[in-house]
Every structure is written in structure tokens, then in C-alpha cells.
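To start, the structure under review is shown below, and the notes come after it.
The values are calculated or read from the model by the stated rules, or taken from the named source; none is laboratory data. All values reported here derive from a predicted model rather than from experimental measurement. Positions of Cβ are backbone-derived with ideal geometry, glycine not excepted, and every protein chain shown enters the neighbour counts. Side chains included, ligands, DNA and RNA excluded: accessible areas come from the protein's heavy atoms. Shrake-Rupley method; radii C 1.70, N 1.55, O 1.52, S 1.80 Å.
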Amino acid sequence: MKKKQFITLVVSLIFIGLSLPASFAQAQALPKLLPFGGLVSYPITCTCSPGNIWIWFTPLYLGGPINITGPMVYSPFSTILYGYYMIGVPGKWHLGDYVPGVQACWIKVYKFCVPLPAVGLMSKVGTNY
Amino acid sequence: MRFLSASVLLSMIFALGVLVTPAGAEMFVANLTVGSRGSDVTALQQFLVAKGYLQMPAGVSYGYFGPLTKMAVARWQVANGISPAVGYFGPISQGVMAKQMPTSSTSSLGLSKSIETDTPTAPGMRVNRIMLFRATPFEVRPGDFVTLDGSGFSKTLNRIYFNGGNQIATTSTDGAILKIPVPLDLAEGEYKISVSNVLGSSDSPDINIVIKVTNNPQSAPTIESASIIGDIVTLVGSGFTSTNRLFTTLGDSSSPISSNGATLTFRVTDLSRYDQVKQFTLGKYQVTLWIFVENEHGINKEPYKLETII
């Protein structure tokens with residue numbers, strides 16, 4: 001009986017062992033996410049990358065000791081939006097996480113399109129009502 | 001024996017739980033029409049945005065079924081042969097939409113995995129569309145190389161057009177950048193560039209990406225350094241002309257700014273969105289000001305970053 005239990009344990013560990021590399025690979029593929037929060041001052045439509053919204057926050061909380069004001073980008077194609085869905089509405093608080101350094105807002109400046117810099121691309125965000 | 005079965009079963013469940021990816025299909029549980037609110041409406045709007053039928057205006061929140069959503073649903077219904085196409089999201093529409101949800105062999109937007117692999121999407125962009133954002137430098141000679149920034153470029157075949165003609169074929173390694181030679185037979189003048197591949201064409205009625213072919217190309221503005229004293233910002237660089245226009249993350253300049261060619265000066269308080277931000281910050285917040293300078297020869301490719309307090 002003990003021999004059977006030992007074999008079962010070994011089989012179970014093999015199953016688990018085979019599955020772990022896949023989960024580690026998935027975890028390694030994930031981009032670095034950082035938390036943020038802030039109050040929306042105003043949004044700007046990304047005219048050359050339609051659908052995306054560049055949103056200016058004052059204050060913008062990134063976890064440091066200094067008061068910061070600045071922009072983040074919301075993308076309906078990659079940002080998971082949670083209630084209450086008031087994305088980019090002035091005066092609404094936002095809380096979520098973001099991928100730092102990603103520039104996902106292109107905007108028309110006279111006859112050219114340029115990347116409108118932001119702190120990063122929101123990965124998840126929820127808002128107050 | 002019972003212990004054996006339970007252990008094997010548990011380990012298989014664990015393994016499957018790790019290996020299987022959630023389908024992510026969204027289900028609608030109610031009929032939706034003008035006035036509807038909630039997460040179902042948000043899911044519908046996100047689907048319509050992803051499909052290109054709806055563009056949510058900046059500052060308008062998701063979750064309310066208004067006239068814009070109704071029109072977008074109607075357009076989607078027409079495109080999918082649903083009658084009457086009046087913008088009411090009922091059982092028939094929900095059934096059709098359910099068929100457009102992800103399966104194991106297609107992406108969330110119905111593309112085959114091979115096409116999706118061939119046309120990588122830039123972060124935050126639509127996965128089923130080829131988009132062209134920029135061509136640099138702006139002024140070029142025939143035979144010079146131009147770099148195109150975009151999304152959805154193919155790793156195997158993209159066709160580049162200059163004013164709809166002079167086609168050349170090229171490939172991209174990452175889906176976001178193409179490097180192309182300007183055809184030698186192009187006469188002087190401005191040319192609209194478009195890119196097409198298996199996803200379609202980058203042509204858009206609202207966006208024209210142009211280059212200027214000339215035998216005497218001038219460099220676009222470049223900012224090498226910047227300083228701020230009080231509210232006066234001084235940029236040092238090259239390529240400035242007598243009529244430069246500013247664009248920054250705090251807005252643009254109200255009128256052109258002249259330069260001696262090497263320096264350019266402006267007041268940060270004159271930027272169009274300065275007051276809008278200052279009313280909240282009251283001089284106590286750190287801000288990163290990103291600066292572009294545009295003139296008849298182009299615009300600086302990389303914005304200059306200047307830290308200040310506002």
C-alpha cells in the first residue's frame with residue numbers, strides 16, 4: 001500500500017513539474033506593471049491612433065514622495081476597464097496599474113503625427129462614480 | 001486506491017488549470033438600447049470600438065448606451081446583415097456577436113493566428129488594422145531612406161505607395177517599423193505615403209502621412225538642450241527657422257515663434273493648457289514638459305524632456 005502511495009506521489013509531482021515551466025513562461029512574458037492613481041484634469045483624443053485617450057492627472061500618484069502632475073494613456077484595445085467606467089472624465093478619480101514607458105498615443109501636430117509622451121499605458125483602471 | 005485516484009485527479013486538475021487559457025468570451029444577459037447602463041453596455045462599447053464601429057469621444061465615459069452607441073450598433077448590424085438595423089441590441093444581434101467571439105483558432109477579433117503573428121501590433125493599438133503614424137525624415141532626396149512608424153506591418157509583405165503609385169515592397173521585423181528607399185524616379189514635390197498588406201491599407205481620410213522629395217533637403221528641428229529660468233524656456237538646437245510652432249505636453253503656442261536658427265525662446269505660461277493645469281497645482285507639483293518644434297522642414301523626431309515645477 002505504501003508503495004502505491006509513493007508511486008502516486010511521484011506521478012503527481014511529475015504532472016505538477018511538467019505544468020510549472022508553462023506557468024513560469026507566461027509570468028515572464030508579462031510586462032512590468034506599476035500601480036498608479038490620480039484625479040483627471042482633462043483628456044485629449046489621440047487623433048492619429050483612434051480610440052486611445054491621453055489623460056492628464058493632477059495629482060498623479062505613482063508611489064513616490066513628490067507631488068506629480070502628468071499624463072497616462074488609456075487604450076480600449078489593451079486596457080481593462082472596471083466600474084464605474086468614467087474613463088478620462090474630468091474630476092473623476094482613477095486607480096489602476098500601468099506599463100511604464102509605453103507610448104500608445106499618436107496625435108496630429110499641424111501636418112505631422114507625433115507620439116504624445118505619457119508616463120505609460122494603463123493596463124487596468126477603475127474609476128469612481 | 002482512493003488516495004491514488006484522488007492524488008492523480010488533483011494533480012491533473014492543477015496541471016490543466018495552469019495550462020488552459022481562459023477563453024475570455026463576454027456574454028450579454030440583457031437586451032440593450034438607448035438608456036441602458038452598466039457593464040454589459042461597457043462590454044458592447046469595447047467590442048464596437050475594437051471593431052472600428054464606435055469611437056468614444058474623450059471625456060465621455062463607457063457604460064451608458066447613448067445615441068453614439070446606437071448608431072454604432074446600427075452600423076455593425078448593417079455590416080452583418082441584421083435586420084432591422086436600428087441600433088437595438090437584442091437576441092438576434094447577441095447571437096451574431098457571440099459567433100464573433102474568440103475561438104481556439106482565431107484571435108479575439110477573428111484573425112487567424114498566422115496573420116496575427118505575421119502582423120505584430122504595437123502596444124495599445126488595434127490588432128486587426130494596419131496603421132501608419134509617421135515618416136521621417138520629412139524632406140528627402142530620391143534614393144534616401146525613410147523610416148515609417150506604425151502598427152500591423154507585415155513580416156512577409158508590405159506594399160508602399162507614394163501618392164497611390166510608385167509601389168515598392170518591403171518587410172518589417174517587428175510590425176512597428178519599416179525602412180524604405182525613396183524611388184529614384186520621384187519628381188520633386190510632396191507625396192502621401194500609404195502602406196498595405198494582408199490587413200488592408202493604412203489610408204485614412206483624417207490622417208495624411210507625407211514626405212517632401214527635394215534635391216535640397218533641410219533638416220527638421222533638433223533640440224539639443226533646454227533651460228528654464230522663471231517662466232522663460234530657452235531651447236538650443238538646430239534647424240529652427242523664422243516661423244516655428246511649438247507643441248508640448250502642456251499645449252501649443254498661440255502663434256509662430258521666430259529664431260536665429262540655433263536658439264528658440266518661449267514662455268511656459270503662454271502654452272495653451274498651462275492655466276488649465278496650474279489652477280490645480282498652484283506651483284507645487286513636478287511636471288515633465290515634452291517639447292516638439294515644428295516648421296516647414298519637419299518636426300523633431302524625439303521630443304525634448306524638461307523637468308520643471310508648475
(Q) Just to be sure I understand the filter: pairs with C-beta atoms under 8 Å, separated by 6 or more residues or on different chains, first member in the range B:55-69 and in a loop (DSSP other than H, G, I, E, B) and among the hydroxyl-bearing types (Ser, Thr, Tyr), second member open to solvent by 20 Å² or more (accessible area, probe 1.4 Å) and at pLDDT 90 or above. Which pairs pass? (A) B:Ser61/A:Met86; B:Ser61/A:Val89; B:Ser61/A:Lys92
Q: Hey, can you tell me all the residues within the range B:6-57 that are at pLDDT 75 or above and more than 10 Å from chain A (Cβ to nearest Cβ)?
A: B:Ala30, B:Asn31, B:Leu32, B:Thr33, B:Val34, B:Gly35, B:Ser36, B:Asp40, B:Leu44, B:Lys51, B:Tyr53
Q: Would you mention how many residues in the range A:72-86 are among the small types (Gly, Ala, Ser) and either touching a Leu at 6+ places or on another chain (Cβ under 7 Å) or surrounded by 18 or more Cβ atoms within 10 Å (Cβ to Cβ) (or both)?
A: 2
Q. Mind checking which residues of the range B:279-296 are touching a strand residue (DSSP E or B) at 6+ places or on another chain (Cβ under 6 Å) and either assigned by TED's automatic domain parsing to the domain that holds B:Glu139 or charged (D, E, K, R) (or both)?
A. B:Glu294
Q: Go through B:Val140, B:Val146, B:Val127 for me and flag whichever is at pLDDT below 95 and buried (at least 16 other Cβ atoms within 10 Å of the Cβ).
A: B:Val127
Q: Please find, within the range A:33-67, the residue that is nearest to the chain's Cα centre (by Cα) out of those that are of a type in the set (S, T, N, Q) and within 27 Å of B:Ala135 (Cα to Cα).
A: A:Asn52
Q: Would you list the strands (runs of 3 or more DSSP E) that sit entirely within the range B:169-256 and hold 1 or more residues that are open to solvent by 20 Å² or more (accessible area, probe 1.4 Å) and touching a Lys or Arg at 6+ places or on another chain (Cβ under 8 Å)?
A: B:189-197, B:210-213, B:232-238
Q) For the range A:87-119, which residues satisfy the criterion of being surrounded by 17 or more Cβ atoms within 10 Å (Cβ to Cβ), within 7 Å of chain B (Cβ to nearest Cβ), over 19 Å from B:Gly124 (Cα atoms) and in contact (Cβ under 8 Å) with a residue 12 or more places away in the chain? A) A:Val89
Q.
Looking only at the range A:45-68, filter to residues that are surrounded by 21 or more Cβ atoms within 10 Å (Cβ to Cβ), of a type in the set (Val, Ile, Thr) and closer than 30 Å to B:Gly150 by Cβ; which one of those is farthest from the other protein chains (Cβ to nearest Cβ)?
A. A:Ile55
Q. How many of the residues making up the range B:42-67 are open to solvent by 20 Å² or more (accessible area, probe 1.4 Å) and touching a helix residue (DSSP H, G or I) at 6+ places or on another chain (Cβ under 6 Å)?
A. 1
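Yes or no: B:Lys301 more than 27 Å from A:Val40 (Cβ to Cβ), open to solvent by 50 Å² or more (accessible area, probe 1.4 Å), in a strand (DSSP E or B) and charged (D, E, K, R)?
no
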Q. Looking at A:Val99, A:Val114, A:Val119, A:Val89, which one is at pLDDT 90 or above, within 11 Å of the chain's Cα centre (by Cα) and among the hydrophobic types (A, V, I, L, M, F, W, C)?
A. A:Val99
(Q) Checking the structure you have, find out if any residue of the range A:68-81 is under 14 Å from the mean Cα position of the chain (by Cα), assigned to a loop (DSSP other than H, G, I, E, B), among the hydrophobic types (A, V, I, L, M, F, W, C) and modelled with pLDDT under 95. (A) yes
